[in-house]
Amino acid sequence: MALNQLEKGYEPHDVEKKWYDFWEENELFAAPENTDNPAYSIVIPPPNVTGVLHMGHALNVTLQDILCRYRRLKGDAVLWMPGTDHAGIATQNVVEKKLATEGVSRHQLGREKFIEAVWAWRKESGSAIINQLKRLGASCDWKRERFTMDEGLSDAVRKVFVQLYHDGLIYQGDYIINWCHRCYTALSDLEVEHEDVDSFLYHIRYLFPDRSDGLVIATTRPETLFGDTAVAIHPDDPRYQNLPSHEVMLPLTNRRIPIIRDTYVGMEFGTGALKVTPAHDPNDFEIGGRHDLPRLKVIDDNGQMNDGAGRFSGMDRFACRQAAVDELRQIGLLEKMEPYRHSVGHCYRCKTIVEPNLSKQWFVSARPLAEKAIAAVQDGKTRIVPETWVKNYFDWLTNIRDWCISRQIWWGHQIPAWTCSDCNHLTVSIETPITCPHCGQSNLVQETDVLDTWFSSALWPFSTMGWPNDTPLLRKYYPTSVLVTGFDILFFWVARMMMMGIHFMNEVPFKDVYVHALVRDESGKKMSKSKGNVIDPLTVIDRYGTDAFRMTLAAFAAQGRDIKMSEKRVEGYRHFINKLWNAARFALMHVDQGYSSLPNQPLSLPNRWILSRLQAVVRNVVDALDNYHFNEAASQLYQFVWHEFCDWYLEAVKSDLYEKEGEQARNDTRCVMWHVLRDILILLHPMIPFVTEEIWLMMPGASGSIMRAEFPGSQENRIDLEAERHMAILIEITTAVRNIRGEMNLAPSLVLKCQIQTLDERIQTVVQEYGSRIQNLARLESVLTCSPGEKPRTSATAIIENAVMYVPLEGVLNVEQEVQRLDKELKKINNDLDAVIRKLNNEDFLSKAPEDVIEKVKSKQSALVEKQTKLQMNIEKIRSIQKSEIDPS
């Protein structure tokens with residue numbers, strides 16, 4: 001009898017915190033610096049310090065944890081670098097809202113006191129996301145946790161800024177940026193979320209001087225016309241080859257503006273005449289530069305019209321739009337308004353519609369950096385998986401615009417640039433200057449802007465390891481092995497890390513980039529609070545346990561395919577966890593020691609078969625994880641554990657374990673069972689760490705955490721194809737008998753006989769050598785082979801490969817009663833199906849019922865049709881048996 005016995009049921013909440021605390025206390029996540037073991041490193045995409053765990057985080061972190069736990073078991077020295085991002089705009093918004101509840105604004109506090117308030121908030125609330133990652137089982141080296149505003153990373157940011165400035169790759173200049181009036185800051189292109197909105201296309205006539213005709217332009221933003229400095233047409237547009245003037249009058253003003261010709265203009269859109277507003281549109285800015293046009297800014301940083309809008313000055317931009325349209329209509333210059341749905345940029349934080357605005361900002365000259373990042377992927381130094389994302393990566397970097405890195409907020413890395421109030425000289429320096437190097441005066445004013453959050457995040461792979469110092473950690477673990485990320489930050493973050501890593505480390509920051517898909521709801525829709533279809537990972541974990549949730553994510557993480565998440569799926573994998581637990585509980589009831597090696601003597605068929613199948617699973621899991629096919633690894637393990645180990649192996653060896661005679665066979669089976677269970681736990685540990693640790697430390701002979709175990713290797717000498725073929729025949733025969741029992745409604749307690757008609761020598765051998773095992777598994781009195789033509793008078797038939805099986809039913813089944821029972825059941829199914837079909841043919845129901853209700857009715861119809869088909873087949877089978885009783889010929 002086993003010394004250790006598992007509890008009857010597995011309760012995840014009883015063990016998860018216990019084992020996580022154990023792993024942390026014993027420093028099992030720690031990354032060694034002084035070791036000859038191969039290095040494997042991942043930097044966590046730093047979640048915002050304001051964040052809470054959502055499905056995207058859960059998937060991302062689970063996949064990283066699987067890789068890190070797997071590589072530890074393979075013997076690698078693993079660094080999983082954790083940390084959080086200071087999230088400049090988001091954090092400032094959070095703290096400002098908190099202060100507002102106290103009746104205080106940041107301007108009343110002043111910059112220094114406000115920054116102190118942010119740090120206080122961070123200390124109090126900023127670790128929530130980290131604690132949630134721990135609940136997910138994340139095995140990061142938490143003692144190395146970094147924050148993008150901590151002292152070391154701040155030093156790295158300063159050095160990078162200053163070096164890029166002196167390299168000529170950072171400059172200050174006027175440029176079109178995305179401006180958020182609510183957050184009162186510039187946004188990068190990637191911080192703007194585009195949404196389709198219903199609007200109008202306004203057709204406005206710009207008159208030729210001293211004429212009643214003119215050019216008609218089409219625009220969605222009439223309020224910007226006050227900043228127009230030209231109208232552009234395509235040089236080849238046949239409509240505009242013989243114009244009576246080279247100028248037009250700008251409506252609602254007394255200004256004349258030129259007509260210019262530029263190939264950018266699309267002849268198909270609108271009227272083919274384009275108003276050019278260089279200070280309020282990025283494309284117009286480029287046109288203006290080519291034609292040396294003035295840049296007139298008419299919307300200020302508060303979203304209001306300035307003096308350039310004349311009598312409309314002081315109006316909100318959208319109020320001005322309406323007022324300008326009304327006046328254009330009154331004076332006869334509004335030709336028409338067309339309903340128009342188009343994409344409009346919104347601030348990714350506060351959802352305010354952003355305004356393209358001319359502004360003096362700090363920029364990174366991105367193209368020279370991008371060229372090296374493109375070459376690194378082209379040359380194979382970094383691999384993007386799946387390859388479908390390579391084109392997106394190249395397209396974005398090939399068409400990259402200079403990166404606006406300044407933000408008009410207070411929380412962040414203040415730009416290390418000082419302007420002399422006496423001589424206006426600009427000093428960019430790592431150290432804070434005391435006097436102006438140009439004039440020697442000390443009246444220096446630091447730039448008030450801070451750096452874009454993504455600027456510091458771009459340094460994450462090397463700054464977190466101690467750069468600019470040459471640290472042992474940096475030497476051991478840079479470049480990192482893989483970056484696991486969502487496609488939504490492929491450009492936000494991945495491309496920028498590539499640019500910075502190559503420039504400052506002369507080496508790519510990661511060898512692989514694995515881009516995972518989105519987690520959607522069960523119908524494939526994107527989760528959103530407005531739709532009410534958000535699934536909270538923490539709620540799911542509370543309900544089903546962390547392991548079941550992690551296994552679900554892994555099982556559906558197929559490359560290039562979004563995950564459809566539902567609690568039903570998680571519940572299904574909780575059943576898998578319970579199946580594993582019960583199998584381990586059964587095994588440990590029979591094993592009272594650990595085994596250093598497998599038996600040398602010939603083993604029974606089930607033992608040879610399960611060892612052979614184990615080798616294939618080990619090989620396939622390694623291949624799948626090495627190539628980021630998480631779903632294939634999960635599927636292999638699910639199939640092997642549930643169907644092969646639990647359903648067949650443990651059932652097949654019960655006769656060995658309970659047989660009073662045959663001590664050698666019993667000991668052999670105990671040994672094999674122990675070895676297979678041990679390897680199963682290790683193989684599953686990266687995906688389901690808690691339950692595997694709980695079982696592991698109850699295993700006789702196991703010592704220390706499963707995290708210190710050695711990943712199984714494939715043992716070629718244990719591959720036994722003959723055992724696999726023979727066991728497959730045994731399983732096929734047993735399954736066929738079980739199906740007959742189910743179809744004929746025969747009680748499991750009924751002892752049946754089985755005759756197999758075949759000329760296949762393999763089947764004959766299996767029946768002859770392993771007939772007793774088939775009898776035990778299928779609950780048969782006997783199983784025999786017979787020659788073709790020998791058939792019992794009343795029997796159920798099953799076809800298997802190269803054989804026909806007969807199960808005699810005479811004296812076992814009352815055929816007439818069974819037909820009557822099935823007919824009655826079929827009638828009920830038909831009635832239910834008719835009711836469902838009537839509902840689906842009801843136009844009133846289809847037009848008024850919610851989509852999810854209609855889908856449920858359709859699913860019910862499919863299930864009823866399936867039952868109907870199955871019942872009809874069973875009735876036909878039994879009627880054929882009934883016929884054979886009447887006409888035995």
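So how much slack lies between residue 542 and residue 290, counting 0.36 nm per residue of separation and subtracting their Cα-Cα distance, in nm? Present the calculation step by step, with values, prior to reporting the outcome.
On the way: separation 252, 0.36 × 252 = 90.72 nm, distance 6.08 nm.
Extending this stretch completely gives an extra 84.6 nm.
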Total charge dipole magnitude, the range 48-121, about the Cα centre, Cβ charges on Lys, Arg, Asp, Glu only, Debye to nearest 20: 200
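Using mean Cβ contacts within 10 Å as the protection proxy, how do 117-124, 497-504, 329-336 order, highest first?
Highest-to-lowest ranking by the protection proxy: 497-504, 117-124, 329-336.
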Positive dipole terminus of the chain, leading residue within 176, 393, 692 (C-beta point charges): 692
Once both label points are put 7 Å beyond Cα along the C-beta direction, the residue 151-residue 838 separation in nm becomes 8.0
Per-q log10 I(q)/I(0), the range 1-131, q = 0.17, 0.21, 0.22 Å⁻¹ (Debye; single scatterer per alpha-carbon; no solvent): -1.03, -1.23, -1.29
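Run the helix sum for the chain: -39,500 (n - 2.57) per DSSP H stretch of 4+ residues, divided by residue count, reported at 222 nm to the nearest 500 deg cm²/dmol. Don't skip to the answer; put the middle values down first.
Values: 28 runs with 381 residues, N = 889.
Result for the chain, helices only: -13500 deg cm²/dmol.
Given the pairs 391/860; 525/867; 98/134; 526/839; 360/381; 134/858, which span a C-alpha to C-alpha distance of over 32 angstrom in this model?
Values: 391/860 43 Å; 525/867 30 Å; 98/134 27 Å; 526/839 29 Å; 360/381 37 Å; 134/858 41 Å.
Cα-Cα > 32 Å for 391/860; 360/381; 134/858; rest within.
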Determine by what factor the alpha-carbon radius of gyration of the range 608-677 differs from 2.2 N^0.38 Å, reporting the quotient. 1.30
When only the heavy atoms of the protein chains count and the probe is 1.4 Å, how do 779, 708 rank by accessible area, highest first? 708, 779
Each label point is 7 Å from the Cα along the Cα-to-Cβ direction; what then is the distance between the points at residue 823 and residue 171, in nm? 9.2
Cα-based equivalent ellipsoid of the range 712-847: semi-axis lengths in Å, sorted from largest, via gyration tensor: 39, 24, 13
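Given +1 on the Cβ of Lys and Arg, -1 on the Cβ of Asp and Glu, and no further charges, what dipole in debye does the range 683-770 carry about its Cα centre, rounded to the nearest 20? Display every interim value, and only then the final one.
Values: 7 positive and 12 negative charges, 65 e Å.
About 320 debye.
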Using only alpha carbon positions, build the gyration tensor of the range 178-245, then give the equivalent ellipsoid semi-axes as the square roots of 5 times its eigenvalues, largest first, whole angstrom. 33, 14, 13
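Charges at C-beta only: +1 for Lys and Arg, -1 for Asp and Glu. How large is the resulting dipole of the range 266-413 about its Cα centre, in Debye rounded to 20?
Working: 20 positive and 19 negative charges, 86 e Å.
Computed charge dipole of the range 266-413: roughly 420 debye.
So, R0 is 30 Å and r is the distance between the beta-carbons of residue 254 and residue 342; what FRET efficiency does that work out to, to 0.05? Spell out each step's value before the answer.
On the way: r = 31 Å, r/R0 = 1.04.
E between residue 254 and residue 342, to the nearest 0.05, is 0.45.
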Using a Cα-Cα cut-off of under 21 Å, which lysines could be cross-linked to residue 336, ignoring same-chain neighbours fewer than 8 residues away? 275
Lysines near residue 753 by alpha-carbon distance under 20 Å, same-chain residues fewer than 8 away left out - which ones? 791, 877
Here, residue 381 and residue 30, labelled 7 Å along Cα→Cβ, have an inter-label distance in nm of 3.5
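On the protein heavy atoms, probe 1.4 angstrom, tell me the percent of accessible surface of the chain carried by carbon and sulfur.
Carbon and sulfur atoms account for 47 percent of the accessible area of the chain.
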Using a cut-off of 15 Å between alpha-carbon atoms, which aspartates and glutamates can reach residue 579, once sequence neighbours fewer than 8 places away in the same chain are excluded? 7, 11, 547, 571, 644, 647, 651, 694
Calculate log10 I(q)/I(0) of the range 583-636 for q = 0.23, 0.31 Å⁻¹, where I(q) comes from the Debye formula with a single equal point scatterer on each Cα and nothing for solvent. -0.98, -1.10
Take each of the peptides 236-244, 755-763, average the number of other beta-carbon atoms within 10 Å over its residues, and list them starting from the highest. 755-763, 236-244
Test of understanding: extend the Cα→C-beta vector of residue 528 to 7 Å, then name every residue of the range 183-227 with backbone N under 12 Å from that spot. 194-197
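Place the peptides 541-547, 297-303, 854-860 in order of packing, highest mean first, counting for every residue the other Cβ atoms within 10 Å and averaging per peptide. Before the final figure, lay out the partial values.
Numbers: 541-547: 21.4, 297-303: 18.9, 854-860: 13.4.
In descending order of packing, they fall as 541-547, 297-303, 854-860.
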P(r) weight above 45 Å for the chain, C-alpha pairs, percent: 48
Assuming a ≥ b ≥ c are the square roots of the Cα gyration tensor eigenvalues, decide whether the range 641-685 counts as rounded (a/c under 1.5), prolate (otherwise, with a/b larger than b/c) or oblate. oblate
Cα-based Rg and Dmax for the range 580-709, in Å, come out at 14.5, 48
Among 436, 587, 48, whose Cα projects farthest towards the positive end of the dipole of the chain, with charges put on the beta-carbon of Lys, Arg (+1) and Asp, Glu (-1)? 587
Using the Kirkwood radius over Cα pairs, work out the Stokes-Einstein diffusion coefficient for the range 425-481 at 25 °C and 0.890 mPa s, in µm²/s as a whole number. 171
Largest first and to the nearest Å, give the Cα extent of the range 317-473 along each principal axis. 71, 55, 27
Sequence-distant residues sharing a close amide H with residue 406 (under 5 Å, placed H): 362, 452
Sorting 354, 82, 820 by the position of each Cα along the dipole of the chain (Lys, Arg +1; Asp, Glu -1; all at Cβ), the one nearest the positive end of that ordering is 820
Taking a probe of 1.4 Å, how large is the accessible area per residue of the chain, in Å²? 45
If the chain between residue 566 and residue 830 were fully extended at 0.36 nm per residue, the gain over the current Cα-Cα distance would be 92.0 nm
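Give the relative contact order (percent, whole number) for the range 268-427; include only Cα pairs under 8 Å separated by 6+ residues. Provide the component values of the computation, followed by the final result.
Values: 127 pairs, mean separation 23.4, N = 160.
Across the range 268-427, relative contact order equals 15 percent.
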Pulled fully out, how much extra length does the chain show between residue 326 and residue 616, if you take 0.36 nm times their separation in residues and subtract their Cα-Cα distance? 96.9 nm
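The values are calculated or read from the model by the stated rules, or taken from the named source; none is laboratory data. Predicted model, so just to flag it, every value in this text is computed and none were measured. We place every Cβ from the backbone using ideal geometry, glycine too, and count neighbours over all the protein chains shown. The protein model used for the area step is the full one, side chains on, heavy atoms only, and it has no ligands, DNA or RNA in it. Shrake-Rupley method; radii C 1.70, N 1.55, O 1.52, S 1.80 Å.
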